[in-house]
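The values are calculated or read from the model by the stated rules, or taken from the named source; none is laboratory data. Remember, it's a predicted structure, so these values are computed and weren't measured experimentally. Note: ideal-geometry Cβ built from the backbone for every residue, glycine included; neighbour counts use all protein chains shown. The protein model used for the area step is the full one, side chains on, heavy atoms only, and it has no ligands, DNA or RNA in it. Shrake-Rupley method; radii C 1.70, N 1.55, O 1.52, S 1.80 Å.
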Amino acid sequence: MQNKLIAQRYAKALIDLAIQRNELEKTKEDIDFIRASMSPELRMVMASPVIGDKKKTEIFRTIFKEKLSPLTYSFFDLVFSKRREWVLPEIAEEFIEKYREIKGIEIIEITTAVEVSDELKTNIQKRFQNLPRFQNKTVEIRSKVDPHILGGFIAQSHDILFDASIKNDLQSIGRQFIENMYVQRIR
């Protein structure tokens, strides 16, 4: 929980600074690059209490010095000087979340039993785009496959879950049989 709060504060500071300097898109590209470059090994190095702060800063500078804009580079230099390098992945994730909020981008995760075609993804995207909650927003569809749902789909966006899977329908029918609502209970 504490990591998330720290990451939110740093991400908000970075996004506010990027907006103020009119470098939001460039900063987002830098953050995407950092996220793509954060291998499990690099994450372990940044979180390790055994590796010294100076060594972590040196590693970060070596990897990213020529690849980041001056704003992003100096911001993460500050993060390292405050000894918050262990929160680096969370800061990047929070930045992306705040960026999506500012740009009005909604991510909808679709889970299906089989891979979904691009045509169907586009159709689903248009249908969600027409819902009142997603008006004036950009809807992005991410899909994943889970054969356990048997058929249908599950759509999730933040705290909203729409379960139209066969597995859910079968569980609902099973609960109805257990309740046996069509037969009067004998007392």
In the stretch 128-160, anything part of a helix (DSSP H, G or I), closer than 20 Å to Arg100 by Cβ and open to solvent by 70 Å² or more (accessible area, probe 1.4 Å) is listed as Pro132, Arg133
Given (1) open to solvent by 40 Å² or more (accessible area, probe 1.4 Å); (2) modelled with pLDDT of 85 or more, Ser69 misses just (1)
query: If we scan the stretch 23-45, do we find a residue that is open to solvent by 90 Å² or more (accessible area, probe 1.4 Å), in a loop (DSSP other than H, G, I, E, B) and without any contact (Cβ under 8 Å) to a residue 60 or more places away in the chain?
result: no
The correct count of residues that are free of Cβ contacts under 8 Å to residues at least 24 places away in the same chain and aromatic (Phe, Trp, Tyr) in the stretch 128-156 is 0
The residue that is farthest from Ala92 (Cα to Cα), considering only those in the stretch 46-58 that are surrounded by fewer than 16 Cβ atoms within 10 Å (Cβ to Cβ) and aliphatic (A, V, I, L, M), is Val50
Subset of the stretch 93-127, residues touching a residue at least 60 places away in the same chain (Cβ under 8 Å), open to solvent by less than 30 Å² (accessible area, probe 1.4 Å) and of a type in the set (A, V, I, L, M), comes to Ile96
In the stretch 55-66, anything at pLDDT 85 or above and among the basic types (Lys, Arg) is listed as Lys55
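For every residue, the table says whether it meets (1) modelled with pLDDT under 85; (2) within 13 Å of Ile110 (Cβ to Cβ).
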| position | (1), (2) |
| --- | --- |
| Pro132 | no, no |
| Asn136 | no, no |
| Glu140 | no, yes |
| Lys144 | no, yes |
| Asp163 | yes, yes |
| Gln176 | yes, no |
| Glu179 | yes, no |
| Tyr182 | yes, no |
| Arg185 | yes, no |
